[in-house]
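The values are calculated or read from the model by the stated rules, or taken from the named source; none is laboratory data. Quick caveat, the model's predicted, so the values are computed rather than measured. All Cβ positions, even for glycine, are placed from backbone atoms using ideal geometry, and neighbour counts span all protein chains on display. Ligands, DNA and RNA are excluded from the accessible area calculation, which covers all protein heavy atoms including side chains. Shrake-Rupley method; radii C 1.70, N 1.55, O 1.52, S 1.80 Å.
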Amino acid sequence: MGNVFVLDHPLIQHKLTYIRNKETGTKEFRELVDEVAMLMAFEITRNLPLQDKTIHTPVVEAQAKVLSGKKIGLIPILRAGLGMVDGVLKLIPAAKVGHVGLYRDPETFQPVEYYIKLPSDINERELIVIDPMLATGGSANDAIHSLKKRGAENIRLMCLIAAPEGVEMIKEEHPDVDIYLGALDEKLDEKGYIVPGLGDAGDRLFGTK
Ligand code: URA
């Protein structure tokens, strides 16, 4: 069963408060999201497997540890997911980055994938899907289905803020996916915004309205 982890490190909570504040401007918002993404990546990668490696320090031969196992792939969901990619890459610079763009057809309500470009070996990678605002969970759910259809097996989901509705949807549809959150908020409002949330993450990141 997938687990839900709220990464409530004091630094993440502190920075999230400024991210949520409507007085925070685009430049500072972007910088703070980048910093929180980096802090979250530190926690999300806590259980990556290690293997021994023999090295020579300037003093002696020593047994040290290096990462083993699967390589990492980051899959931001367009567009707000882009705001968290650089922060994660600061800690995992060798990760490959795929992109997924989706919208829901207003008539059929079916997900329409308008863009997808993935590393060719996603089935061999530990994937981190990045969706800053897990609201209804629709986009993340569709993106994860889309990745699984293409062979992905190991998927984690990383979100800045989630609503309980989104978490429930992912837990139900993808019980194999661990979910990592900066915060779990109260609810969705009638317009689909997370409450208290931070508003529209894409608009706040890119200065659009
Ligand atoms: N997407 C956002 O950017 N914000 C929300 O509150 C919900 C979905």
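For the reader, a short list of remarks on this structure follows.
- Subset of the stretch 153-174 that is in contact (Cβ under 8 Å) with a residue 40 or more places away in the chain and among the aliphatic types (A, V, I, L, M) - its residue that is nearest to the ligand (Cβ to nearest atom): ILE161
- Some residue of the stretch 58-74 being within 16 Å of the ligand (Cβ to nearest atom) and open to solvent by less than 70 Å² (accessible area, probe 1.4 Å): no
- Residues that are closer than 18 Å to GLY137 by Cβ, out of contact with any strand residue (DSSP E or B) (no Cβ under 6 Å at 6 or more places or on another chain), near the ligand (Cβ under 9 Å from one of its atoms) and not small (Gly, Ala, Ser), drawn from the stretch 189-209: LYS191, TYR193, LEU198, ASP200
- Count of the stretch 31-77 residues which are touching a residue at least 60 places away in the same chain (Cβ under 8 Å), more than 15 Å from LEU89 (Cβ to Cβ) and out of contact with any Asp or Glu (no Cβ under 9 Å at 6 or more places or on another chain): 1
- Any hit, the stretch 94-115, residues being of a type in the set (Asp, Glu), open to solvent by 30 Å² or more (accessible area, probe 1.4 Å) and in contact with a helix residue (DSSP H, G or I) (Cβ under 7 Å, 6 or more places away or on another chain): yes
- Inter-residue pairs, beta-carbon under 9 Å, first outside any loop (DSSP other than H, G, I, E, B) and in the stretch 187-207, second open to solvent by 30 Å² or more (accessible area, probe 1.4 Å) and within 7 Å of the ligand (Cβ to nearest atom), 6+ apart: ILE194/MET133; ALA201/MET133; GLY202/MET133
- Within the stretch 169-205, the set of residues being of a type in the set (A, V, I, L, M, F, W, C), out of contact with any Lys or Arg (no Cβ under 7 Å at 6 or more places or on another chain) and closer than 25 Å to LYS27 by Cα comprises LEU181, ALA183, LEU184, ILE194, ALA201.
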